[in-house]
1. Being crowded, with 18+ Cβ neighbours inside 10 Å and without any contact (Cβ under 8 Å) to a residue 24 or more places away in the chain is the filter here, so list the residues in the range 121-130 that pass it.
2. Do we find a residue being aromatic (Phe, Trp, Tyr), assigned to a helix (DSSP H, G or I) and either at pLDDT below 90 or surrounded by 10 or more Cβ atoms within 10 Å (Cβ to Cβ) (or both) anywhere in the range 34-53?
3. For the range 76-111, enumerate the residues that are surrounded by fewer than 18 Cβ atoms within 10 Å (Cβ to Cβ), farther than 19 Å from Val169 by Cα and under 21 Å from the mean Cα position of the chain (by Cα).
4. Would you mind stating whether Arg160 is under 29 Å from Met140 (Cα atoms) and not small (Gly, Ala, Ser)?
5. Can you find, within the range 55-75, the residue that is nearest to Thr148 (Cα to Cα) among those that are small (Gly, Ala, Ser) and crowded, with 22+ Cβ neighbours inside 10 Å?
6. So Leu89 clears everything in (1) under 30 Å from Arg215 (Cβ atoms); (2) in contact (Cβ under 8 Å) with a residue 60 or more places away in the chain except one condition, right? Which one?
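The values are calculated or read from the model by the stated rules, or taken from the named source; none is laboratory data. As the structure is a prediction and not an experimental result, all values here were calculated from the model. Methodologically, a virtual Cβ is constructed for each residue, glycine included, from the backbone with ideal geometry; neighbour enumeration extends over all protein chains shown.
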Amino acid sequence: MTMAVGSAAREPRRIQWADAGPFIALAVVVLAGMLLNDNFLSATNIANVVTRSAFVAIIAVGATFVISSGGLDLSVGSMMAFVTGIMILTMNRLEPSMGANAILIGAGVGLVVGALCGLLNGLIVTVGKIEPFIATLGTMGIFRALITWMSDGGSIPIERALRDPYRPVYFGNLLGIPLPVVITLVVVLAGTFLLYRTRYGRRCMAAGSNPDVARFSGVSVARVRTTAFVIQGVCVA
């Protein structure tokens, strides 16, 4: 009995250290940056780092759903390159007839393609019964091969006429806050609400923690996981 009580008393401390791990790692990175560069904590540099990290944070929101549902997606990097290539090609093709409006059409096409790529991953995992690690490793190669073919092994630049209208996506701001950061905050809040305040979010975590119990409770684990991959694809786009 004494051993059980002692073990239970020590358990919260171990969990707290585990929760503090990411913050400790962040503190170490910040400390290293301060030692290597005197301007690391300057307002300009912090704004630059946060802005450039914003798009990675959006992808991380989608990854949260995939991991919470018990999956894994290794293809996000190649998928992002493929979706971006499709988006730029669409904008370049439509620019002569639509002007700056081609950016909106290209963004919409990118979201659709991202969702379809996520759906492909989800169906391979749930319908094909292939482990997520193997499935997304394969689609990573497919997306990488496709973007290499589309770009002829090089890059796909945005048409010169679209560069100025497209600049606000990276360099614009809203009330003094960089636009990428604003978009990231909106996505994070939406993802938090979806994961913790909706029926789908509860089913997503149930499917990841114990899929057998989730199935006995009437949860379609395959549908939940496929939807999680679709969310990941949209966030990548």
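1. So the first thing to find is which residues in the range 121-130 are crowded, with 18+ Cβ neighbours inside 10 Å, and the list is 121-122, 124-126.
Once the filter is applied, which keeps residues that are crowded, with 18+ Cβ neighbours inside 10 Å and without any contact (Cβ under 8 Å) to a residue 24 or more places away in the chain, the range 121-130 yields only Ile124.
2. Scanning the range 34-53, I find no residue that is aromatic (Phe, Trp, Tyr), assigned to a helix (DSSP H, G or I) and either at pLDDT below 90 or surrounded by 10 or more Cβ atoms within 10 Å (Cβ to Cβ) (or both), so the answer is no.
3. Gly77
4. Working: under 29 Å from Met140 (Cα atoms): no; not small (Gly, Ala, Ser): yes.
So Arg160 fails the test.
5. In the first step, residues of the range 55-75 are kept if they are small (Gly, Ala, Ser); the result is 57, 60, 62-63, 68-71, 75.
From what's left, crowded, with 22+ Cβ neighbours inside 10 Å: 62, 69, 71, 75.
Details: Gly62: 25, Ser69: 31, Gly71: 27, Ser75: 15 Å.
This residue is Ser75.
6. It is condition (1) that Leu89 fails.
To keep it simple, each residue is scored yes or no on (1) under 25 Å from Arg93 (Cβ atoms); (2) in contact with an Asp or Glu (Cβ under 9 Å, 6 or more places away or on another chain).
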| position | (1), (2) |
| --- | --- |
| Pro132 | no, yes |
| Ile142 | yes, no |
| Ser151 | yes, no |
| Tyr170 | yes, no |
| Val182 | no, no |
| Arg197 | no, no |
| Arg215 | no, no |
| Ala222 | no, no |
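The rows are residues; the columns are (1) of a type in the set (Val, Ile, Thr); (2) surrounded by 17 or more Cβ atoms within 10 Å (Cβ to Cβ); (3) over 16 Å from the mean Cα position of the chain (by Cα); (4) at pLDDT 90 or above.
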position: Ala161; (1), (2), (3), (4): no, no, yes, no
position: Pro168; (1), (2), (3), (4): no, no, yes, no
position: Ile183; (1), (2), (3), (4): yes, no, no, yes
position: Arg199; (1), (2), (3), (4): no, no, yes, yes
position: Cys204; (1), (2), (3), (4): no, yes, yes, yes
position: Ala222; (1), (2), (3), (4): no, yes, yes, yes
position: Val234; (1), (2), (3), (4): yes, yes, no, yes
